[in-house]
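Undergrad: Quick one: structure below, then a few questions.
Coordinate-derived values only; no laboratory data. What you are looking at is a predicted structure, and each value in this text was computed from that prediction instead of being measured. Cβ coordinates were reconstructed from backbone atoms using ideal geometry, including for glycine residues, and neighbour counts include every protein chain displayed.
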Amino acid sequence: MARPRTPILSQDRIVTAALELIDETGTLTLPLLARRLGVSMSSIYHHVANRAEIVEGIRELLSRDFPRPDPSLSWQDEVRRWMRAYRRIMVAHPHLIVEFSINPVTNETTLRAYEDLAEVLESAGFALETILEAITALDSFVCGSALELTALEQMWASYADRDLALGRAQRAAPWAAHSPEAAFELGLTGLILALERL
């Protein structure tokens, strides 16, 4: 049988299909991915070494959406812009939070995004020994904020009618009026205030 003029598979096609699979099912297995692509697992291994390389390919793909630093902005506004871009990615793909947390960053595009943030903080005068701590706090907050959007619609429903502080708070601001965006911005403001103290 003649070989096709163009390859059926490519690393980009594998990564894109894997991202779609994770978004739709919450999981990534190579048998499911091979079935989705209509190929054998051995065909996938011609293009990627293992599952971790596919996850890292997804991270590289999504990291292209991070903004590059703008010298006209304050470090606080740079952090806000970086965090909002990161949150948009995680909100769109919440199942990736666990995948990303168990796979080390190795691709240059993602490393560049974190390097940009580190450079912003260093240029602002942050002590070198505090920069990783600051980035880890920002990273953790984004992931938690994105997961909050996938949580139950009303986490504390059993308290709504009780004469306790949590119940009174819910009656004062019903869950229907709850704004995840406002909660994110409140937390982000608090983090930036904490970073200013460093």
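Undergrad: Could you give the size of the charge dipole of the stretch 15-149 about its Cα centre, using +1 on the Cβ of each K and R and -1 on the Cβ of each D and E, expressed in debye and rounded to the nearest 20? Can you show the working numbers first?
TA: Working: 12 positive and 20 negative charges, 107 e Å.
Using Cβ point charges on Lys, Arg, Asp and Glu, the stretch 15-149 gives about 520 debye.
Undergrad: By counting other Cβ atoms within 10 Å of each Cβ, how are S72, S179 ranked from fewest to most? Intermediate results must be reported in sequence, preceding the final value.
TA: Values: S72 7, S179 10.
Fewest-to-most Cβ neighbours within 10 Å comes out as S72, S179.
Undergrad: Starting at 0 and stepping by 5 Å, how many percent of the alpha carbon pairs of the stretch 39-198 end up in each bin?
TA: Spelled out bin by bin, the stretch 39-198 gives 1, 8, 15, 16, 16, 13, 10, 8, 7, 4, 1, 1, 0 percent.
Undergrad: Based solely on its DSSP helices, what 222 nm [θ] is calculated for the chain when runs of n ≥ 4 H residues each add -39,500 (n - 2.57) and the sum is averaged over all residues, nearest 500 deg cm²/dmol? Display every interim value, and only then the final one.
TA: Numbers: 10 runs with 128 residues, N = 198.
For the chain, the value works out to -20500 deg cm²/dmol.
Undergrad: Simple spin-label model, 7 Å along Cα-to-Cβ: S72 to E108 in nm?
TA: Roughly 2.9 nm, to one decimal.
Undergrad: Can you sort L121, L186 so the residue with the fewest Cβ neighbours within 10 Å comes first? Mind dumping the intermediate values first?
TA: Values: L121 23, L186 11.
Ascending Cβ contact count within 10 Å gives the list L186, L121.
Undergrad: Would you work out if the stretch 1-48 is rounded, prolate or oblate? Take a ≥ b ≥ c from the square roots of the eigenvalues of the alpha-carbon gyration tensor; rounded if a/c is under 1.5, else prolate when a/b is larger than b/c, oblate otherwise.
TA: Numbers: a/c = 2.42, a/b = 2.01, b/c = 1.20.
In terms of gyration-tensor shape, prolate.
Undergrad: Something else about it: Take the chain, connect every pair of alpha-carbon atoms lying under 10 Å apart with a spring to form a Gaussian network, then pick out the residue of L128, L164, L30 with the largest mean-square fluctuation.
TA: Most flexible of the set in this elastic network: L164.
Undergrad: Roughly speaking, what % of Cα-Cα pairs in the stretch 1-117 are separated by over 17 Å, rounded to a whole number? Could the numbers behind the result be given before it?
TA: Numbers: 4041 of 6786 pairs.
Summing the P(r) of the stretch 1-117 above 17 Å gives 60 percent of all pairs.
Undergrad: Determine the gain in length on full extension of the stretch D65-D161; use 0.36 nm per residue of separation and subtract their C-alpha separation, reporting nm with one decimal. Please list the in-between numbers first.
TA: On the way: separation 96, 0.36 × 96 = 34.56 nm, distance 4.37 nm.
Working it through step by step, the gained length comes to 30.2 nm.
Undergrad: Taking the Cβ-Cβ separation of T189 and M41 as r and a Förster radius of 30 Å, what is the calculated FRET efficiency to the nearest 0.05?
TA: Working: r = 48 Å, r/R0 = 1.59.
E(calc), rounded to 0.05, equals 0.05.
Undergrad: Among R59, R68, which comes first, second and so on when ranked by fewest other beta-carbon atoms within 10 Å?
TA: Details: R59 22, R68 7.
Ordered from fewest to most neighbouring Cβ atoms within 10 Å, R59, R68 come out as R68, R59.
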